[in-house]
Amino acid sequence: MKGSALFENDLPALGQISDDGRVRIVGREGADLKIAFFGNSITRHGRAEALGWQGDWGMAASSRGKDYVHRLLTYLEEDGRRPACCIANLSEWERTRDMRLLEEGYAAAFAFGADIAVLRLGENAQLQEHLAAFERCYVSLAEKLQNGGAKVVLTDLFWAFPPFDSFVRELARERGYAFASISDLGAKEEMRAADRFAHAGVALHPGDRGMEEIARRLHAAIVEARF
């Protein structure tokens, strides 16, 4: 996949979020649905002055309310649900595949007890070199969430990498997980934030329109699965 935006993105996987800020839980009084997001910078990236990124939400949405997490929450609210959410940035785990880090650094995310768990992962996993190893870890994470009682929703990659995208699609089919395909989006300039950021890695991320489309497709997958 030489030339793919997946490998053009030079945004560091490490340091996207502080160690004590890896997991954010937003409770809501009277919530009737707990949804957890396990992701990377597209899900949440802390402020990074060196990158020209001033937010603390899904890179590169124009505001917190415009990232895919919060747009999906809005869709669910429009369905009459009252969601509480957990947002976990697993970018370091993507790179290291350290299952001990998963257990120790994200205990709060697993203790959250999600009814629905969205896995929006893989872009930082060095898939050209570590595809098989990351796939094994990814399966273990999905199984852990399912065994904890969550209904699992998977997506493929924003920047397409067919070997992994096909793997995720097949895993969802085999295990009965919900699946939303987004791998066509990253190649479309209108879905990226190209005109808003000087840093090339940030600009490759989904802008407001891309975030909206990710949320829309996730919502459709959840509705279709009757979660």
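The values are calculated or read from the model by the stated rules, or taken from the named source; none is laboratory data. Everything numeric here is computed off the predicted structure, so don't read it as measured data. For neighbour counting, all protein chains shown are included, and Cβ atoms are generated from backbone atoms with ideal geometry for every residue, glycine included. The protein model used for the area step is the full one, side chains on, heavy atoms only, and it has no ligands, DNA or RNA in it. Shrake-Rupley method; radii C 1.70, N 1.55, O 1.52, S 1.80 Å.
In this calculation the C-beta distance from H199 to R28 is compared with R0 = 30 Å, giving a FRET efficiency of 0.30. Over all alpha-carbon pairs of segment 144-227, lay out the pair-distance distribution in 10 Å bins, whole %, shortest bin first. Percent of pairs per bin, in order: 18, 41, 29, 11, 0. Rounded if a/c is under 1.5, else prolate if a/b beats b/c, else oblate: with a ≥ b ≥ c from the C-alpha gyration tensor eigenvalues square-rooted, which is the chain? Rounded, because the longest to shortest axis ratio a/c is under 1.5. In order along segment 182-191, the Karplus-derived 3J(HN,Hα) couplings, from 6.51 cos²θ - 1.76 cosθ + 1.60 at θ = phi - 60°, round to 10, 6, 7, 6, x, 7, 9, 4, 5, 8 Hz, and Gly and Pro are given as x. Less than 5 angstrom separates the built amide H of F37 from those of C86, I87, A88, V118, all sequence-distant by 5 or more or on a different chain. To put it simply, the accessible area of segment 31-94 at a 1.4 Å probe is 44 percent carbon and sulfur.
Using only side-chain charges placed at the Cβ, +1 for Lys and Arg and -1 for Asp and Glu, the dipole size of segment 52-190 relative to its Cα centre rounds to 300 debye. One Cα centroid belongs to segment 73-130, the other to segment 175-193; the line between them spans 17 Å. When the charge dipole of the chain is built from unit charges on Cβ atoms (+1 for Lys and Arg, -1 for Asp and Glu) and taken about the Cα centre, the candidate among G52, A198, L72 whose Cα reaches farthest toward its positive end is L72. Residue separation of Q128 and A107 scaled by 0.36 nm, minus their Cα-Cα distance, works out to 4.6 nm of gained length.
Taking a point 7 Å out from the Cα of R81 in the direction of its Cβ, the residues of segment 134-177 whose backbone N falls within less than 12 Å of it are 151-153. Under 5 Å from the amide H of K151 lie the amide H atoms of I116, A117, each residue being 5 or more positions distant or on a separate chain, with H modelled from the backbone and absent for Pro and chain starts.
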